Amino acid sequence: MGATLSGLEYGTNGSGMGPGLGDIPESCVACVFLYLTPPEICNLARLNRAFRGAASSDSVWERKLPPNYQDLLDLLPPERYQNLSKKDIFALLSHPVPFDHGNKEVWLDRVTGRVCMAISARGMAITGIEDRRYWNWVSTEESRFHIVAYLQQIWWFEVDGVVKFPFPADIYTLSFRLHLGRFSKRLGRRVCTFEHTHGWDIKPVRLDFSTSDGQVASSQCCLDDTEHDNHKRGCWIDYKVGEFIVSDSEPATEVKFSMKQIDCTHSKGGLCVDSVFIIPTDLKNKKEEGF
């Protein structure tokens with residue numbers, strides 16, 4: 001394939017006498033690029049001048065951006081995006097854009113240009129979080145926010161949160177990212193301890209969300225499994241709550257979410273709460289399947 005493209009670039013016989021990729025008008029290349037992904041466009045931009053020009057065209061990158069990309073830009077200081085090309089705006093927004101005092105982040109998926117969001121534990125209301133007998137904040141490189149909430153022990157476990165944002169039209173999945181056990185590094189190696197981990201196999205945790213247009217979802221799961229080979233300890237797991245549909249970015253969608261285990265007949269502990277993710281459903285499914 002590489003040899004074929006190379007030959008086309010200089011001519012059909014390699015002598016530069018016949019038509020090649022360099023003879024294709026830039027406008028035609030731009031039309032083809034409308035159907036390719038951003039990584040594919042960037043790779044093809046290296047072929048020749050026409051491809052390079054088309055790969056920088058605002059008309060191409062406008063189609064790769066969500067219709068309301070200005071809402072994302074409005075979260076940034078104007079000097080960060082003024083006078084940028086659409087290609088550079090896409091590159092800017094494909095990196096996390098923090099808001100709400102850095103407790104929330106939104107970004108564009110680099111392949112599809114679709115909107116993804118993460119909400120830090122610091123951006124949630126956690127019962128007992130101010131009492132260090134129950135909770136501690138732990139700094140870590142394993143969180144995109146560099147900090148997680150660690151529960152030592154509590155009877156009333158409740159985590160609530162809310163976000164209001166002009167999500168573009170799509171189907172989204174909301175999930176909690178949790179970790180059983182406390183982790184640290186010793187001599188460069190990751191080590192997990194489970195001295196506080198208990199109570200999560202007795203009764204399930206309830207996960208819920210509701211949206212401002214009346215959509216609701218809930219699920220239940222036991223976070224621990226002490227009777228079988230336990231694959232839930234010592235690793236980060238995304239617990240899916242459900243899906244919701246957005247038909248238009250206006251008005252903004254408000255999503256309220258919660259995670260509870262409020263049966264006070266037993267205590268529970270040894271859990272890290274990192275974040276909540278809101279990601280287009282098929283993107284999340286592809287990542288889970290390894291694509």
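Among what's in the range 127-145 and is of a type in the set (A, V, I, L, M, F, W, C) and within 23 Å of ARG190 (Cβ to Cβ), pick the residue that is least open to solvent (accessible area, probe 1.4 Å). Working first, answer last.
Taking the range 127-145 as the starting set, the residues that turn out to be of a type in the set (A, V, I, L, M, F, W, C) are 129, 135, 137-138, 145.
Remaining after also requiring within 23 Å of ARG190 (Cβ to Cβ): 135, 137-138, 145.
On the way: TRP135: 3, TRP137: 87, VAL138: 21, PHE145: 28 Å².
By that ranking, first place goes to TRP135.
Is there a residue being open to solvent by less than 40 Å² (accessible area, probe 1.4 Å), free of Cβ contacts under 8 Å to residues at least 12 places away in the same chain and farther than 25 Å from PHE145 by Cα anywhere in the range 38-54?
Narrowing the range 38-54 to residues open to solvent by less than 40 Å² (accessible area, probe 1.4 Å): 38, 41, 45, 47-48, 50-51, 53-54.
In the following step, the residues that additionally are free of Cβ contacts under 8 Å to residues at least 12 places away in the same chain were identified as 45.
Subset that is farther than 25 Å from PHE145 by Cα: 45.
Looking through the range 38-54, at least one residue is open to solvent by less than 40 Å² (accessible area, probe 1.4 Å), free of Cβ contacts under 8 Å to residues at least 12 places away in the same chain and farther than 25 Å from PHE145 by Cα.
Are there any pairs, at least 6 apart or on different chains, whose C-beta atoms fall under 8 Å, with the first in the range 154-176 and closer than 16 Å to ILE262 by Cβ and the second at pLDDT below 95 and open to solvent by 60 Å² or more (accessible area, probe 1.4 Å), and if so, which?
Listed by first residue and then by second, the contacts come to TRP155/CYS264; TRP156/ILE262; TRP156/CYS264; PHE157/ILE262; GLU158/ILE262.
Restricting attention to the range 178-203, and to residues there that are among the aliphatic types (A, V, I, L, M) and assigned to a loop (DSSP other than H, G, I, E, B), which single residue is surrounded by the most Cβ atoms within 10 Å (Cβ to Cβ)?
As a first pass, look at the range 178-203 and keep what is among the aliphatic types (A, V, I, L, M): 178, 180, 187, 191, 202.
Now narrow it down to the ones that are assigned to a loop (DSSP other than H, G, I, E, B): 187, 202.
Details: LEU187: 5, ILE202: 15.
Within the range 178-203, the match that is surrounded by the most Cβ atoms within 10 Å (Cβ to Cβ) is ILE202.
Confirm whether VAL148 is out of contact with any Lys or Arg (no Cβ under 6 Å at 6 or more places or on another chain), open to solvent by less than 60 Å² (accessible area, probe 1.4 Å) and within 22 Å of ASP170 (Cβ to Cβ). Outline the logic, then answer.
On the way: out of contact with any Lys or Arg (no Cβ under 6 Å at 6 or more places or on another chain): yes; open to solvent by less than 60 Å² (accessible area, probe 1.4 Å): yes; within 22 Å of ASP170 (Cβ to Cβ): no.
No.
Yes or no: the range 101-108 includes at least one residue that is over 24 Å from the mean Cα position of the chain (by Cα) and not hydrophobic (A, V, I, L, M, F, W, C).
At the first step, the residues of the range 101-108 found to be over 24 Å from the mean Cα position of the chain (by Cα) are none.
There is no residue in the range 101-108 that is over 24 Å from the mean Cα position of the chain (by Cα) and not hydrophobic (A, V, I, L, M, F, W, C).
When you scan the range 204-214, do you find a residue that is assigned to a loop (DSSP other than H, G, I, E, B), farther than 25 Å from ILE154 by Cα and in contact (Cβ under 8 Å) with a residue 40 or more places away in the chain, even just one?
Step one: filter the range 204-214 for residues assigned to a loop (DSSP other than H, G, I, E, B), giving 204, 212-214.
In the following step, the residues that additionally are farther than 25 Å from ILE154 by Cα were identified as 212-214.
Applying the additional criterion that residues be in contact (Cβ under 8 Å) with a residue 40 or more places away in the chain yields 212-213.
There is at least one residue in the range 204-214 that is assigned to a loop (DSSP other than H, G, I, E, B), farther than 25 Å from ILE154 by Cα and in contact (Cβ under 8 Å) with a residue 40 or more places away in the chain.
Could you tell me whether SER258 is surrounded by 15 or more Cβ atoms within 10 Å (Cβ to Cβ), under 27 Å from LEU72 (Cα atoms), touching an Asp or Glu at 6+ places or on another chain (Cβ under 6 Å) and hydroxyl-bearing (Ser, Thr, Tyr)?
So SER258 passes the test.
The values are calculated or read from the model by the stated rules, or taken from the named source; none is laboratory data. Given the structure is predicted, the values throughout are model-derived calculations rather than measurements. We place every Cβ from the backbone using ideal geometry, glycine too, and count neighbours over all the protein chains shown. Only protein heavy atoms, including side chains, enter the accessible area calculation; ligands, DNA and RNA are left aside. Shrake-Rupley method; radii C 1.70, N 1.55, O 1.52, S 1.80 Å.
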